[in-house]
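**Q** After the structure tokens below, expect a handful of questions from me.
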Amino acid sequence: MKNELSSETSPYLLQHAHNPVHWQPWGEKALQLAKDLDKPILISIGYSACHWCHVMEKESFENEATAAIMNTHFINIKIDREERPDLDHIYMDAVQAMTGAGGWPLNVFLTPNAKPFYGGTYFPPVKAHGRASWSDVLTSINNAWLHKRNDMELQAETLVTHLKKANNFNLAKNNIQIDTGAILFSKSDCEIITKNLLAVADNIDGGFSNAPKFPQTFSINCLLQLAYFLEDKNALQQAELSLTKMLHGGIYDQLAGGLCRYSTDKEWLAPHFEKMLYDNALLIITLCNAYLLTKNEMYKNRVEHICNFIFEEMKNKGGGYYAAIDADSEGVEGKFYVWSKAEIDLILKDNAPIFNTYYDVTENGNWEQKNILRIIKPLQDVATQYNVTINEATLLLNNATQLLLKQRNKRIRPTTDDKILLSWNALLLTAFCKAYEIIQNDKYKQAAEDLFQFIENKFTSNGEAYFHTFKNGNAKHPAFLEDYAYFIEACISLQEITSNENYLHKAKKLANFTINNFSDDNNKYFFFTKTDQSDIIVRKIEIYDGATPSANAVMAKNLYYLSVIFNEQAWKNRAVFMLESLKTIIIKQPNSFGVWAALSINIAAGINEITIIGNDMTLLLKKMLLQYLPNKILQTSNEASSMPLLSQKEVNDKAKIYLCKNFVCSKPIDNVEDMFINMNHFVL
């Protein structure tokens with residue numbers, strides 16, 4: 001055997017292609033080899049931007065002696081969690097069930113039949129911090145396999161049974177009868193959701209819980225909705241506090257833009273410096289919603305800043321957007337991003353003092369004797385301190401930023417994970433649509449339509465069955481539920497900004513494919529993997545939000561929306577069933593069910609079915625897009641259409657707005673302002 005990773009396309013797998021470990025990619029060849037040799041399998045799962053994955057590689061997987069142990073006793077398989085999130089979910093659940101903890105790198109020992117019996121995350125090269133050394137773990141597992149194999153296999157069978165039972169969380173509700181005309185979520189339910197979100201919120205530094213802190217944009221979006229529908233000032237204050245603290249913190253790249261994956265401290269100062277495409281797409285969406293509600297220009301400015309970063313640093317020349325930018329450069333985490341005061345003084349000269357004051361730059365540094373740029377003082381206070389106007393301070397800081405950015409770009413850059421993932425690109429497509437809504441610059445609409453076309457050209461050959469990942473002209477791995485769910489959502493968003501109903505027909509086609517290939521017919525949810533996928537030990541149903549939205553929640557949202565657009569009552573029933581089945585836990589734990597909660601809140605407030613039709617409807621559409629109305633279904637056209645919401649409506653030179661809600665429709669309306677007067681009961 002030898003290391004077989006050199007022909008892979010995943011940057012993470014290629015990083016390990018020259019290890020002395022005889023790594024194999026996950027696939028039929030490696031799995032059959034384990035059976036033929038009757039050896040246990042070691043799978044090691046990570047991703048290219050993972051700092052501790054790099055650490056363990058350097059300490060253990062590049063070590064000849066350690067590699068010899070691994071090669072002698074195990075079939076060693078490397079997995080990129082972003083290429084195979086299905087495998088990551090299954091084996092992460094197994095390790096969490098065994099140890100109560102999880103993370104990456106994820107190292108799991110399997111029987112030759114790929115069933116897990118032991119696992120963990122990072123193991124040091126020598127025993128330290130209460131962790132066994134990696135070589136000791138390898139030796140212990142080998143001894144246990146040789147002398148207690150029956151126990152190991154029994155443990156594996158028990159664990160697989162547990163994983164399968166975890167999918168049965170809702171089987172008891174299979175036979176419940178859902179009254180789709182009844183009130184699904186009430187005002188009091190929404191008030192409890194608000195209370196439960198605020199109970200876990202940090203009202204000093206923003207965000208939720210203590211360190212490490214993740215963006216949790218789903219929870220922030222819920223707070224924005226609750227602030228709007230309940231007129232809850234505390235909800236709005238917490239949402240804005242969270243966004244402001246993140247945008248001012250070290251977790252946000254103050255020079256080039258872009259959010260890092262999470263903060264290691266409660267103040268958002270020191271991140272793990274990897275930048276993920278999905279985090280930035282989700283932040284754009286949330287900032288757009290915050291701008292629509294508050295009209296705070298900072299949110300719009302940051303949307304433009306993040307989009308520019310994505311265009312400049314994450315776009316593939318042929319179209320599509322890369323997965324991530326690494327945390328490390330020159331083997332040091334964050335080295336690319338941090339500064340000494342002396343460096344800044346040298347570059348900015350006389351303008352350094354005001355920059356250093358505003359961005360918390362000191363001689364001793366704010367992180368490991370270096371400075372992570374962050375904002376801790378209001379600009380007005382800094383301008384006053386240096387006896388300049390806000391406009392003068394802003395111009396000075398902008399010029400200083402460009403000088404530092406020019407200098408930073410001369411440094412050795414972190415590596416870029418240049419695979420292109422359907423799911424994350426679909427999230428970005430939705431983000432571009434949202435950016436167009438608030439900025440109304442056609443470049444964002446064009447970026448969205450170009451990305452849609454790239455996905456159609458590169459990820460599918462028949463317009464129905466898609467692949468999950470693309471690189472170097474090669475699309476591979478059948479798409480997962482999240483790929484379809486997020487892409488359907490993106491098609492819906494595209495229709496709202498373009499008025500092109502073809503995107504809705506595409507969404508319907510994809511929804512039908514998803515229903516036919518991913519459904520769990522017993523309880524109306526969706527498996528993460530397709531029906532015909534054969535290389536997994538269990539098909540999982542994911543209902544929680546993780547770093548990305550729950551794909552089941554997004555599918556419920558899609559089905560509800562499309563049920564109105566196409567008059568598909570069965571789809572609405574299914575979405576309502578999904579929500580009703582999870583109602584108790586959505587209300588109790590909205591911080592883990594943010595997308596579900598958002599849909600529940602919208603339904604509680606009542607869905608506004610809005611159509612704009614007429615030859616000059618473009619101006620009305622642009623005005624409509626600038627309104628915060630999360631509980632809307634919007635369709636527009638400048639010509640007659642057979643679509644249910646548009647049919648039997650006259651097309652005149654002067655466009656009209658039609659508003660329907662709770663089975664009652666208003667008379668045609670001439671302008672957006674009058675429409676909101678007709679919606680004077682929007683508050684719960």
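The values are calculated or read from the model by the stated rules, or taken from the named source; none is laboratory data. Just so it is clear, the model here is predicted, and its values are computed rather than measured. Every residue, glycine among them, receives a Cβ derived from its backbone with ideal geometry; neighbour counts consider all protein chains shown.
**Q** Considering region 252-274 alone, what residues qualify as being assigned to a loop (DSSP other than H, G, I, E, B) and under 10 Å from Lys213 (Cα atoms)?
**A** Arg261, Thr264, Asp265, Lys266, Glu267, Trp268
**Q** Still on this structure, please answer the following. Within region 90-113, identify whether any single residue is outside any helix (DSSP H, G or I), at positive phi and at pLDDT below 95, and answer yes or no.
**A** Among the residues of region 90-113, at least one is outside any helix (DSSP H, G or I), at positive phi and at pLDDT below 95, which makes the answer yes.
**Q** Identify the single condition in (1) on the phi < 0 side of the Ramachandran plot; (2) within 30 Å of the chain's Cα centre (by Cα); (3) surrounded by fewer than 18 Cβ atoms within 10 Å (Cβ to Cβ); (4) small (Gly, Ala, Ser) that Ala323 does not satisfy, given that it satisfies every other one.
**A** The failed condition is (3).
**Q** Within region 380-395, can one find any residue that is assigned by TED's automatic domain parsing to the domain that holds Phe273, at pLDDT 95 or above, over 30 Å from Leu481 (Cβ atoms) and out of contact with any Cys (no Cβ under 7 Å at 6 or more places or on another chain)?
**A** no
**Q** Okay, next question. So, in region 160-177, how many residues would count as being farther than 30 Å from Leu110 by Cβ and modelled with pLDDT under 50?
**A** 5
**Q** Now for a different question. Can you tell me which residues in region 368-380 are of a type outside the set (A, V, I, L, M) and either surrounded by 17 or more Cβ atoms within 10 Å (Cβ to Cβ) or part of a helix (DSSP H, G or I) (or both)?
**A** Lys370, Asn371, Arg374, Gln380
**Q** Within the set of pairs 6 or more residues apart or between chains, which connect a residue that is in contact (Cβ under 8 Å) with a residue 40 or more places away in the chain and surrounded by fewer than 24 Cβ atoms within 10 Å (Cβ to Cβ) inside region 416-428 to a residue that is outside any helix (DSSP H, G or I) and aromatic (Phe, Trp, Tyr) with Cβ atoms less than 8 Å apart?
**A** That search, which allows pairs on different chains as well, returns Thr416/Tyr322; Asp418/Tyr322.
**Q** Is it the case that region 626-645 has a residue that's assigned to a loop (DSSP other than H, G, I, E, B), β-branched (Val, Ile, Thr) and at negative phi?
**A** No; the residues of region 626-645 include none that is assigned to a loop (DSSP other than H, G, I, E, B), β-branched (Val, Ile, Thr) and at negative phi.
For every residue, the table says whether it meets (1) closer than 22 Å to Gly207 by Cα; (2) in a helix (DSSP H, G or I).
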| position | (1), (2) |
| --- | --- |
| Asn280 | yes, yes |
| Leu292 | yes, yes |
| Asn301 | yes, yes |
| His305 | yes, yes |
| Ile310 | no, yes |
| Tyr337 | no, no |
| Ile347 | no, yes |
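**Q** OK, next. What's the number of the only condition in (1) loosely packed, with under 12 Cβ neighbours inside 10 Å; (2) more than 24 Å from Asn500 (Cβ to Cβ) that Lys661 fails to meet?
**A** Of (1) loosely packed, with under 12 Cβ neighbours inside 10 Å; (2) more than 24 Å from Asn500 (Cβ to Cβ), only one is false for Lys661: (1).
**Q** Continuing with the same structure: I'd like to check something: does region 126-134 contain any residue that is touching a helix residue (DSSP H, G or I) at 6+ places or on another chain (Cβ under 6 Å), surrounded by 23 or more Cβ atoms within 10 Å (Cβ to Cβ), assigned to a helix (DSSP H, G or I) and modelled with pLDDT of 95 or more?
**A** yes
**Q** So, one more: Of all residues being out of contact with any helix residue (DSSP H, G or I) (no Cβ under 7 Å at 6 or more places or on another chain) and surrounded by fewer than 19 Cβ atoms within 10 Å (Cβ to Cβ) in region 350-359, which is farthest from Lys245 (Cα to Cα)? Just the residue, please.
**A** Among those that are out of contact with any helix residue (DSSP H, G or I) (no Cβ under 7 Å at 6 or more places or on another chain) and surrounded by fewer than 19 Cβ atoms within 10 Å (Cβ to Cβ), it is Asp350.
**Q** Can I ask one more? Could you check region 24-53 and list, in sequence order, the residues that are in contact with a Ser or Thr (Cβ under 8 Å, 6 or more places away or on another chain), more than 24 Å from Glu333 (Cβ to Cβ) and part of a loop (DSSP other than H, G, I, E, B)?
**A** Pro40
**Q** Further question on the same structure: Tally up the residues in region 326-336 that are crowded, with 18+ Cβ neighbours inside 10 Å and touching a strand residue (DSSP E or B) at 6+ places or on another chain (Cβ under 9 Å), please.
**A** Selection size over region 326-336: 5.
Here is a yes/no grid of residues against (1) out of contact with any helix residue (DSSP H, G or I) (no Cβ under 6 Å at 6 or more places or on another chain); (2) surrounded by fewer than 19 Cβ atoms within 10 Å (Cβ to Cβ); (3) of a type in the set (D, E, K, R); (4) touching a residue at least 24 places away in the same chain (Cβ under 8 Å):
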| site | (1), (2), (3), (4) |
| --- | --- |
| Lys266 | yes, yes, yes, yes |
| Lys275 | yes, no, yes, yes |
| Ile284 | no, no, no, yes |
| Thr294 | yes, yes, no, yes |
| Lys300 | no, yes, yes, yes |
| Val303 | no, no, no, yes |
| Ile306 | no, no, no, yes |
| Glu312 | yes, yes, yes, yes |
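**Q** Also, I was wondering about something else. Can you tell me how many residues within region 1-20 are closer than 21 Å to Asn113 by Cα and at pLDDT 95 or above?
**A** Residues flagged as closer than 21 Å to Asn113 by Cα and at pLDDT 95 or above within region 1-20 amount to 1.
**Q** Within region 32-67, track down each residue that is over 24 Å from Phe273 (Cβ atoms), surrounded by fewer than 19 Cβ atoms within 10 Å (Cβ to Cβ) and either touching a residue at least 24 places away in the same chain (Cβ under 8 Å) or of a type in the set (Phe, Trp, Tyr) (or both).
**A** Leu33, Lys35, Leu37, Asp38, Lys39, Glu64, Ala65
**Q** Pick from Asn631, Asn615, Asn591: which is of a type in the set (S, T, N, Q), in contact with a helix residue (DSSP H, G or I) (Cβ under 6 Å, 6 or more places away or on another chain) and in the same structural domain as Gln648 (by TED's automatic domain parsing)?
**A** After ruling out the rest, the residue left standing is Asn631.
**Q** Within region 189-204, which residues are among the polar types (S, T, N, Q) and touching a Lys or Arg at 6+ places or on another chain (Cβ under 7 Å)?
**A** Correct list: Asn196 only.
**Q** Let me ask something else about it. Can you find even one residue in region 474-483 that is touching an Asp or Glu at 6+ places or on another chain (Cβ under 7 Å) and part of a helix (DSSP H, G or I)?
**A** no
**Q** Given Leu625, Leu646, Leu599, Leu620, which one is under 28 Å from the mean Cα position of the chain (by Cα), in contact (Cβ under 8 Å) with a residue 12 or more places away in the chain, within 19 Å of Ser493 (Cβ to Cβ) and not assigned by TED's automatic domain parsing to the domain that holds Cys288?
**A** Leu625
**Q** With (1) in contact with a strand residue (DSSP E or B) (Cβ under 9 Å, 6 or more places away or on another chain); (2) modelled with pLDDT under 95 as the list, and Asn615 as the residue in question, which single condition is left unmet?
**A** Going through (1) in contact with a strand residue (DSSP E or B) (Cβ under 9 Å, 6 or more places away or on another chain); (2) modelled with pLDDT under 95 one by one, Asn615 breaks only (1).
**Q** I've got another one for you. Taking Leu405 as meeting all but one of (1) assigned to a loop (DSSP other than H, G, I, E, B); (2) touching a Leu at 6+ places or on another chain (Cβ under 9 Å); (3) surrounded by fewer than 20 Cβ atoms within 10 Å (Cβ to Cβ), write down the number of the exception.
**A** Only one criterion in (1) assigned to a loop (DSSP other than H, G, I, E, B); (2) touching a Leu at 6+ places or on another chain (Cβ under 9 Å); (3) surrounded by fewer than 20 Cβ atoms within 10 Å (Cβ to Cβ) is unmet by Leu405, namely (1).
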